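Computed from the coordinates by the stated procedures, all read-outs in this text should not be read as laboratory data. Not measured: the values here are computed from a predicted model. A quick note on method: Cβ atoms are made from the backbone with ideal geometry, for glycine too, and the neighbour counts reach across all protein chains shown.
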């Protein structure tokens, strides 16, 4: 008895597999995967419109799938049960690291309110190398669109970023000191 060919991967399966691996699928990447999947020997490549329709149907039919808009405007896909919205937003923002840093700082300043240690951007899920972070800081210092991003330093020398839209300098300095020194000494 001959084994049946495996079923070609669906858009939903591809999105889930990527999320299980801790990554997002960009729209262009998902289209490429779907286009190259084995359907039948010598079958013509499916038209792009058909693949777009398959993705739209998967998103409409499966409430566990969602679109994440990257900071550069590109669409990414995630599985809600496997990846939080915040984590997905960070991954989607990696293609625009300066915006990612600025938006993360703004969000923390507004919602929590707190400054954020600069070195957090070196670790997961950001995984930005120190040279890239420094290049972004230089870019932000020279670009008026990032004029609200500022920094303070704790007595331990840890640099914290904050948004002047949501925190004033003295309060950001107080919070940085509290986060870096006071809470560590008084658990």
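Only Cα pairs within less than 10 Å get springs; with that Gaussian network setup on the chain, which residue of 27, 114, 165 has the largest fluctuation?
It is 165.
Hey, what's the Cα Rg ratio for segment 88-147 versus the globular rule of thumb, 2.2 N^0.38 Å?
1.05
Is segment 129-187 rounded, prolate or oblate when judged by the Cα gyration tensor, a ≥ b ≥ c being the square roots of its eigenvalues, rounded requiring a/c under 1.5 and prolate requiring a/b larger than b/c?
Working: a/c = 3.49, a/b = 1.60, b/c = 2.19.
Verdict is oblate for segment 129-187.
Under the rule of -39500 (n - 2.57) per DSSP H run of 4 or more residues, summed and divided by the residues of the chain, what mean residue ellipticity at 222 nm is obtained, to the nearest 500 deg cm²/dmol?
Values: 7 runs with 80 residues, N = 187.
-13000 deg cm²/dmol, from helical runs alone.
Exposure proxy check: 128, 25, 45 ranked by fewest other beta carbons within 10 Å?
Details: 128 18, 25 23, 45 10.
Exposure proxy ranking, most exposed first: 45, 128, 25.
Specify the residue with the greatest mean-square fluctuation among 44, 113, 130, computed from a Gaussian network of the chain linking alpha-carbon atoms under 10 Å apart.
Between 44, 113, 130, it is 44 that shows the largest mean-square fluctuation.
Sorting 84, 163, 154 on the 10 Å Cβ count, fewest up front, what's the list?
Numbers: 84 11, 163 23, 154 19.
So the ranking, lowest neighbour count to highest, is 84, 154, 163.
Would you mind classifying segment 43-125 by shape? Square roots of the alpha carbon gyration tensor eigenvalues, ordered a ≥ b ≥ c; an a/c under 1.5 is rounded, otherwise it is prolate if a/b is larger than b/c and oblate if not.
Details: a/c = 3.09, a/b = 2.23, b/c = 1.38.
Prolate, because a/c is 1.5 or more and a/b exceeds b/c.
Mind checking the angle between helix 27-36 and the chain's longest principal axis? C-alpha axes, 0 to 90 degrees, to the nearest 10.
Between helix and principal axis, roughly 20 degrees.
What ranking of 166, 112, 160 emerges when the number of other C-beta atoms within 10 Å of each C-beta is taken as an exposure proxy, fewest first? Mind dumping the intermediate values first?
Details: 166 19, 112 12, 160 25.
The fewest-first ordering by Cβ neighbours comes to 112, 166, 160.
With the chain treated as a Gaussian network of Cα nodes joined by springs under 10 Å, which of 17, 156, 29 yields the largest mean-square fluctuation?
Greatest mean-square fluctuation among the candidates belongs to 156.
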